[in-house]
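All remarks here apply to the structure that follows.
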Amino acid sequence: MIISISLCLLISFVRSSPTASSPPLLLLISFDGFRWDYPDIYQLPNFNSLIKRGVRVKHIDNSFATVTFPSHFTMITGLFEETHGIVANIIYDPILNASATVKTMNDTKWWSQNAYSQPIWVSNQLAKDSNQRRSGAIAWPGCSTPINGHLPYRYEEFDYDRKFDTVLKRIFEWFNEPIGTRINFGATYHLEPDATGHKYGPISSEMNKTLKECDDYVGLLLKSIDDNEYLKQNLNVIITADHGMHAVNKSHQLFLEQYIDKSLCSAYGSHSLANIFVNKASDIDRLYANLSKIENYEVYKKSQIPDEYHYKSNVRIGDILIVGKIGYQIVVPGDRSSNLLGNHGYDNRAESMHPIFYGFGPAFRSNLLAEPFRNVDIYPLMSYILRLDQRNTNGSLDNVKHILVDFSQEKISPFLVIFLLISVIVMAIVYAICACRHSRKFIYAESNIEPQQYFLLNNDGGSTNNLVVSESEDEQENT
Ligand SMILES: *[C@@H]1O[C@H](CO)[C@@H](O)[C@H](O)[C@H]1NC(C)=O
Ligand SMILES: *[C@@H]1O[C@H](CO)[C@@H](O)[C@H](O)[C@H]1NC(C)=O
Ligand SMILES: *[C@@H]1O[C@H](CO)[C@@H](O)[C@H](O)[C@H]1NC(C)=O
Ligand SMILES: *[C@@H]1O[C@H](CO)[C@@H](O)[C@H](O)[C@H]1NC(C)=O
Ligand SMILES: *[C@@H]1O[C@H](CO)[C@@H](O)[C@H](O)[C@H]1NC(C)=O
Ligand SMILES: *[C@@H]1O[C@H](CO)[C@@H](O)[C@H](O)[C@H]1NC(C)=O
Ligand SMILES: [Zn+2]
């Protein structure tokens, strides 16, 4: 009992060191559209080196819809899309009576629909245990817009013309600033290999080239860390992505306006799914009847959207949802025919929609190829690494414990080893004393019956002093 209590105290002591005034360091990097199996298909030495250094998770089970802005917001809030409200890259909100694309979503109203949504960069800054917690984000969707009133301490908007090496350089500058201004959490976003995946498809020589570039960025990242003792010792890094990529082409393409009377509704979406808002509720059934006949497309009235999608309870989800089966595209009225050779946004259970995940640094186990977890679990993971109180989200720390050193049998803290050693020694001494007393008593008691036995204990065969001394002691204790 006492031992287990002191064990708990010790573990919590170990967990809270180093001192509360120096918060843990974490860098989150997203490579848009980096499919989980690219490192197995293409030669990516720097990515592959990460498995020795840390953890590669087989893939991430991402949430529906498997598109960029929604998935990125899910990663940093731990909330399903229906909860945080960024449900697509092109949104309509019937309460606001307004729509937005990724270019015009830079207004707080889109990101603050749910008062509960809190990006990890905000959670980090609101933690009360340290005045040295600051967050920095570059190009991460939503990072330059106040969300429920909060911005990261440092942020820079997405800039199409900026190369990712300059982004990495900048985020490391922020980590290396003087103690009074430096960040302890950073998030950066790179638009590749998504752009190449859309234009040339996931399996292409162009993708080979783009992934080589991404791999070089990882090389640069590792060098920047290893050249800096402070970062080498302390920085935790997560490299992940929002979704995968699937080969598509013009031959499987649905023009919505050929099936529905477009004066009755409006449709918002990319080329893999569309949310259809019907002007008069009485027209929903007729529109649904037309759409549900189309082969190779999933069509749902809002109430019938599968629960596994966690994509239903939000005003920004249409009265009718249409999703292409893998590889099948949609063109909403007013949009152009799709020229894409790769796309995503499909059923989140499809393999090709899954992204990568790597983690390394002091918090992570090493040399581990780990079982998958969900993208909603990334927030609780980061929250744990940053030593924040766990908020109630749709993710769970239990799902990610297998990649963390703290929950690993392999690596036990040196404090714990010393403590256990001391406990064992103390217990051994106590046991030895008891056993010794017990045996003395035994011998003494027996000596009355078999006196010759006690002579065996004495080399000289004469003195009994040692037994006489212990006798009185034992009697006192037994009363
Ligand atoms: C990628 O390109 C390299 C040469 O730059 C080549 O050796 C390799 O086979 C290519 N990989 C794939 C999957 O095309
Ligand atoms: C919604 O906004 C459009 C213009 O964007 C306007 O024509 C329409 O009347 C508005 N609807 C409502 C219900 O306010
Ligand atoms: C959003 O971005 C556009 C340019 O893309 C800019 O003109 C506008 O002022 C921005 N809005 C806000 C609220 O920052
Ligand atoms: C288009 O994609 C389908 C599968 O999605 C494939 O069967 C067909 O060969 C492709 N066509 C072209 C021209 O690549
Ligand atoms: C259903 O499809 C038919 C044939 O394309 C079309 O005439 C009709 O307007 C459609 N109904 C609705 C409600 O969109
Ligand atoms: C997701 O989390 C939010 C906030 O805690 C909660 O309101 C919602 O019910 C959760 N969704 C599910 C499907 O559990
Ligand atoms: Zn994309």
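What follows is calculated from the coordinates using simple rules that are stated; it is not laboratory data. All values reported here derive from a predicted model rather than from experimental measurement. Note: ideal-geometry Cβ built from the backbone for every residue, glycine included; neighbour counts use all protein chains shown.
Taking a threshold of 27 Å on the Cα-Cα distance, which of the pairs Lys302/Lys325; Lys103/Lys223; Lys212/Lys401; Lys250/Lys293 fall above it?
Lys103/Lys223; Lys212/Lys401
For Cα pairs less than 8 Å apart in space and 6+ apart in sequence, what is the mean separation divided by the residue count of region 242-366, i.e. the relative contact order in percent?
39
With labels modelled as points extended 7 Å from the Cα through the Cβ direction, what inter-label distance (nm, one decimal) is found for Glu308 paired with Ala432?
Between Glu308 and Ala432, the label points sit 6.2 nm apart.
Given +1 on the Cβ of Lys and Arg, -1 on the Cβ of Asp and Glu, and no further charges, what dipole in debye does region 253-343 carry about its Cα centre, rounded to the nearest 20?
120
From the phi angles alone, apply the Karplus equation (6.51, -1.76, 1.60; θ = phi - 60°) to region 230-246 and give each ³J(HN,Hα) in whole Hz, x where the residue is Gly or Pro.
With coefficients 6.51, -1.76 and 1.60, one gets 4, 6, 4, 6, 10, 7, 9, 10, 10, 10, 8, 8, 8, 6, x, 7, 10 Hz.
Would you tally the net charge around Met75, using a Cβ to Cβ cut-off of less than 14 Å, leaving Met75 out, and scoring K and R as +1, D and E as -1?
Net charge in that neighbourhood comes out at -4.
Within the set of other residues whose C-beta is less than 11 Å from the C-beta of Tyr153, count the net charge using Lys and Arg as +1 and Asp and Glu as -1.
In short, +3.
So, R0 is 35 Å and r is the distance between the beta-carbons of Asp37 and Asp398; what FRET efficiency does that work out to, to 0.05?
0.85
Any idea what the dipole of region 292-371 comes to, in debye rounded to 20, about its Cα centre with Lys/Arg Cβ at +1 and Asp/Glu Cβ at -1?
The dipole of region 292-371 has a size of about 200 debye.
I need the calculated FRET efficiency for the pair Asn48 and Ile203, taking r as the beta carbon distance and R₀ as 25 Å, to the nearest 0.05.
So, using R0 = 25 Å, E works out to roughly 0.85.
In nm, give the distance between the simple-model label positions of Asp285 and Asp389, each being 7 Å from the Cα along the Cα-to-Cβ direction.
Between Asp285 and Asp389, the simple spin-label model gives 5.1 nm.
Under 5 Å between amide hydrogens, which residues at least 5 positions from Asp61 or on another chain qualify, with H placed 1.01 Å from N in the peptide plane?
Phe373, Arg374, Asn375
For Ile95, project a label point 7 Å along Cα to C-beta. Then give me every residue of region 68-84 with its amide nitrogen under 13 Å of that point.
Residues passing the 13 Å test: 83-84.
How much length is gained if the chain between Ala350 and Tyr116 is pulled fully straight, taking 0.36 nm per residue apart and subtracting their Cα-Cα distance, in nm to one decimal?
Taking Ala350 through Tyr116 to full extension adds about 81.3 nm, to one decimal.
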